[in-house]
Amino acid sequence: MLTADGLTKRYGRFTAIEDISFTLHAGEVLGLVGESGSGKSTTVRCLVGLTKPDAGQVRYAGPKFRRGVQMVFQDPYASLNPRMTVAEIVGEGLLVHGIEKSSAGRRSRVGGLLEQVGLDKSDMDRYPRSFSGGQRQRIAIARAIAVEPKVLICDEPVSALDVSVQAQVVNVLRDMKLELGLSILFIAHDLAVVRYLCDRLVVLDGGRIAETGTREQIYANPRAPYTKSLLAAVPVPDPAAERLRRSAR
Ligand SMILES: Nc1ncnc2c1ncn2[C@@H]1O[C@H](COP(=O)(O)OP(=O)(O)OP(=O)(O)O)[C@@H](O)[C@H]1O
Ligand SMILES: [Mg+2]
């Protein structure tokens, strides 16, 4: 669905990412992992056109990139306009992309979207300030899926949330993958969350790809020393992973 081909981005003489290539396939969840500063967000910004790479290109297999590729950001307190109601926030894309021109039609669609992410129809007339972090991420997900995208890019969507709430939001994303057949690029530094959600992983180290593989390959047999050290940093037994596993049942 979405391909990064040799993406390189420099800030002055500092190379933030170098020769990053990977493909997000239809219907898969691809994890982009690495420590803070490894270049995850720079890669995402190049992918969605917020930053122009110094080299390389992005290819998208579908039509209408702006509608087809949607994002969920890390900070649910900064990513929702505080002056807009939930109905306006979630319905905006329906209006902008001409999907639902009548306001009654949009309200009805928004109600359905809110229920899809585990919120209530009656939440639509409230403002973001009256929702918790986890609920705000559900609103952000509803906004993203409203325009029926092919690709969802989530840049550390649960890092700012309590661990117990992380599992709920990850479950919503997993449901979206299963119900809508979405391709998801999921950025994280927490390997427990990634393990639960992702089919394949791309591991970044210092702006370069350290390793790429299926979840099974990487967790059972990490090849790059950097991946091994990232995995070693996940405590075992892992309470976060355990909670995710339990909530998944
Ligand atoms: N606008 C910028 N100007 C200068 N340097 C930048 C800029 N944006 C990012 N960088 C640098 O590029 C490197 C990669 O940053 P990036 O935000 O992509 O990392 P990240 O993997 O997303 O980290 P985190 O997990 O903390 O979000 C970092 O060293 C960062 O300081
Ligand atoms: Mg980042």
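Overall form of region 76-149: prolate. Here a/c, set by the Cα gyration tensor axes a ≥ b ≥ c, is 1.5 or more, and a/b is the larger of a/b and b/c. A dipole drawn for region 76-149 from +1 and -1 charges on Cβ atoms has a positive end, and of Val147, Ser130, Leu114 the residue lying farthest that way is Ser130. Would you mind checking the pairs Lys52/Lys228; Lys52/Lys177; Lys121/Lys177 and listing those with alpha carbons more than 27 angstrom apart? Beyond 27 Å between Cα atoms: Lys52/Lys228; Lys52/Lys177.
Accessible surface of region 76-149, 1.4 Å probe: 47 percent of it comes from carbon and sulfur atoms.
In a simple Cβ point-charge model (Lys, Arg +1; Asp, Glu -1; nothing else charged), the chain has a dipole of about 440 debye relative to its Cα centre. Highest GNM mean-square fluctuation among Pro63, Pro82, Pro128, for the chain modelled with Cα contacts below 10 Å: Pro63.
Other residues lying with their Cβ under 14 Å from the Cβ of Tyr60 contribute a combined charge of +4, Lys and Arg counting +1, Asp and Glu -1.
On a per residue basis, region 76-149 carries 46 Å² of accessible surface, using protein heavy atoms and a 1.4 Å probe. Contact order for region 76-149, expressed relative to its length and based on alpha carbon pairs under 8 Å spaced 6+ residues apart, stands at 45 percent. Our note on the geometry: Cα centres of region 1-78 and region 131-148, 21 Å apart. Decide, for region 106-161, between rounded, prolate and oblate: order the square roots of the alpha carbon gyration tensor eigenvalues as a ≥ b ≥ c, take rounded if a/c falls under 1.5, and otherwise choose prolate if a/b is larger than b/c, else oblate. Verdict is oblate for region 106-161. Checking every one of the trypsin sites (Lys or Arg not before Pro) in region 96-163 against DSSP loop status and a limit of 14 other Cβ atoms within 10 Å picks out Lys101.
Per-residue ellipticity at 222 nm computed for the chain from its helices equals -12000 deg cm²/dmol, with DSSP H segments shorter than 4 residues left out and the rest contributing -39,500 (n - 2.57). Among complete DSSP H helices in the chain, those whose alpha-carbon atoms stretch at least 24 Å along the helix's long axis and whose mean Kyte-Doolittle hydropathy reaches -0.5 are 163-180. Sequence-distant contacts, meaning Cα pairs under 8 Å at least 6 residues apart, place the relative contact order of the chain at 27 percent.
When the chain is treated as a GNM with alpha-carbon contacts under 10 Å, the residue of Ala220, Ala16, Ala167 showing the greatest mean-square fluctuation is Ala220.
The values are calculated or read from the model by the stated rules, or taken from the named source; none is laboratory data. Just so you know, these numbers come straight off a predicted model, no measurement behind them. Methodologically, a virtual Cβ is constructed for each residue, glycine included, from the backbone with ideal geometry; neighbour enumeration extends over all protein chains shown. The protein model used for the area step is the full one, side chains on, heavy atoms only, and it has no ligands, DNA or RNA in it. Shrake-Rupley method; radii C 1.70, N 1.55, O 1.52, S 1.80 Å.
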